[in-house]
Amino acid sequence: MNTDTHNASIANQELTYTTFFPNDQRRTNSSQTQSYKHPNIKQKRSKKKQKYSRRLWSDEEDEAISNLVETYGTRRWTFIAKKLQENYKIYGRSGKQCRER
C-alpha cells in the first residue's frame with residue numbers, strides 16, 4: 001500500500017474521539033450528546049432587566065428625602081424609601097437609590 005492510498009483511506013474514515021472527564025462523564029464529537037458543564041467553572045449569565053426605568057430625581061423627591069433623613073437619620077434607607085411612597089406618594093425609588101442620592 002503506497003502512502004497516497006493509505007492517506008486516502010484514513011481521510012474516508014469517520015474519526016470520533018472521546019474526552020474523559022471527572023466522575024466518568026464523557027463527551028464525544030457527535031451532535032447527539034449534551035455539552036458538559038464543569039461544576040467548578042461559573043457559567044456566564046445574562047444581565048437581569050431593570051424593574052424600573054431610569055429617570056432623574058425631581059426637586060420634590062429631593063425635598064422629601066431631605067425631610068425624611070432629618071426625621072429618621074441616615075441608617076434606615078429602605079424605611080425611608082417606604083415612607084416616600086406612604087407620605088409623599090413617590091413610587092419607584094429603592095432604599096439604595098435614596099442612600100446614593
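List of remarks:
- Segment residue 97-residue 79, extension gain: residue separation times 0.36 nm, minus the distance between their alpha carbons: 5.2 nm
- Relative contact order, percent, segment 56-101 [alpha-carbon distance under 8 Å, six or more residues apart]: 36 percent
- Rough spin-label spacing in nm, given labels placed 7 Å along Cα→Cβ, for residue 88 and residue 53: 2.2 nm
Here, each number is a calculation from the coordinates, and none is a lab measurement. Just so it is clear, the model here is predicted, and its values are computed rather than measured. Please note: Cβ atoms are built from the backbone with ideal geometry, for glycine as well, and neighbour counts cover all protein chains shown.
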